[in-house]
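Read the structure below first, then the notes.
The values are calculated or read from the model by the stated rules, or taken from the named source; none is laboratory data. As the structure is a computational prediction, the values presented were derived from the model and not from experiment. Here Cβ is always computed from backbone atoms with ideal geometry, including for glycine, and neighbour counts include all displayed protein chains. To get the accessible areas, we keep the full protein, side chains included, count just its heavy atoms, and leave off ligands, DNA and RNA. Shrake-Rupley method; radii C 1.70, N 1.55, O 1.52, S 1.80 Å.
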Amino acid sequence: MKALCLTVFILSLLFSGCAAGPHGMPYSDTGEVVLQATVEGMSSAASYADITFTQGRHSLSHQLPINGHSLAGSMVVPVGVWDILMVLYDSEGNAQYQDQATDVMVQPDQSTAVEFQLRPADALVQVFIDLADYPAADAVFRVRVYFGDRLEEITRETLDEPLIGEYSLAPGSYDFSLQLYTDSFRISDRIFTGTWHVIDVEPADELTIQWEPEMESVTITANIHQLPRAPENLQVSVVDGGVQLSWLPSLDAVQGYRVYWQPGPWEPFGPLHEEPIADCTFFHTEEKHGLFAVAAVSPIG
């Protein structure tokens, strides 16, 4: 579908509801809005146009039949600033084209031309969030839904409320993703970030997305090894300016032994050599004062 260019002339005529204005001149607080347009280049048949005037919480709607490629009609609208939505439907009630004009000033005794660039009608996209298999489902009270750069938010107050969003999207392709939150939308309360997927939105379509967190099985394999018992009866003596250590072997299978030295109570133990030694004796060429310890090294290091 290609875009259509449509000009609607809005003529606010004096209506029966009048009041006295400055210098005693009457003015109208309502007007008759006259719409006339020619619609060309439609790739599908349009049967009628639905026109909605919106002002804050107030709205007025009117339908105009499309005869061939033209439409014409009128409706009573209070003067003021309005947003005007025009949607063209086929004979079965399916939206085909639409556009919206915002901040249109309707004044008495004046006509206003509004140009619509009618494009293929928006699609209705419903997002249902299924947390049945999600282990942290009871903690989810807020959701952020991304359609490309467009951000929507879903909230609930109790776990009984479903997490459902309904959105009107222009036709096109969107990068789609969701994020789950707990009590707020602070980043510290975000507990799940979904992967991005591309969704295609067709004109005037009704698209339902049943979303659930991506879950994968994790296999954990562990080899459990018991620590070897420590060697006993550590003996330390000063010999020829160095330090001689000896101990009894561990009662378990070991790879060797490692000797540690602590120079004082405010410093940590540090190893006196890199590789484990196989013998139950160790000679250090420097005389050291402090504490000594020996650890058995298991077969897996």
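Of D50, D109, D122, which residue is within 28 Å of G165 (Cα to Cα), in contact (Cβ under 8 Å) with a residue 40 or more places away in the chain and of a type in the set (D, E)?
On the way: D50 fails: in contact (Cβ under 8 Å) with a residue 40 or more places away in the chain; D109 fails: within 28 Å of G165 (Cα to Cα).
Every option except D122 fails the conditions.
Scanning the stretch 68-78 for residues that are more than 11 Å from A46 (Cβ to Cβ), open to solvent by 50 Å² or more (accessible area, probe 1.4 Å) and out of contact with any Ser or Thr (no Cβ under 6 Å at 6 or more places or on another chain) turns up just one, A72. Output the residue which, of all residues in the stretch 101-138 that are of a type in the set (S, T, Y) and part of a strand (DSSP E or B), is least open to solvent (accessible area, probe 1.4 Å). Result: T112. Say whether the condition of being part of a loop (DSSP other than H, G, I, E, B), open to solvent by 40 Å² or more (accessible area, probe 1.4 Å), at pLDDT 85 or above and not small (G, A, S) is met by at least one residue in the stretch 279-296. Within the stretch 279-296 (the criterion being part of a loop (DSSP other than H, G, I, E, B), open to solvent by 40 Å² or more (accessible area, probe 1.4 Å), at pLDDT 85 or above and not small (G, A, S)), the answer is yes, since at least one residue qualifies. Checked against the criterion of being in a loop (DSSP other than H, G, I, E, B), modelled with pLDDT under 85 and under 25 Å from V198 (Cα atoms), the stretch 154-166 contains not a single residue that satisfies it.
Sub-7 Å Cβ pairs linking a first residue in the stretch 89-100 that is part of a strand (DSSP E or B) to a second residue that is exposed (fewer than 14 other Cβ atoms within 10 Å of the Cβ) and of a type in the set (S, T, N, Q), at least 6 apart or interchain, are Q96/S44; D99/Q117, ordered by first then second residue. Among the residues of the stretch 197-240, those identified as surrounded by 11 or more Cβ atoms within 10 Å (Cβ to Cβ), touching a residue at least 24 places away in the same chain (Cβ under 8 Å) and part of a loop (DSSP other than H, G, I, E, B) are E202, P203, A204, D205, E212, P213, P228, R229, A230, P231, L234.
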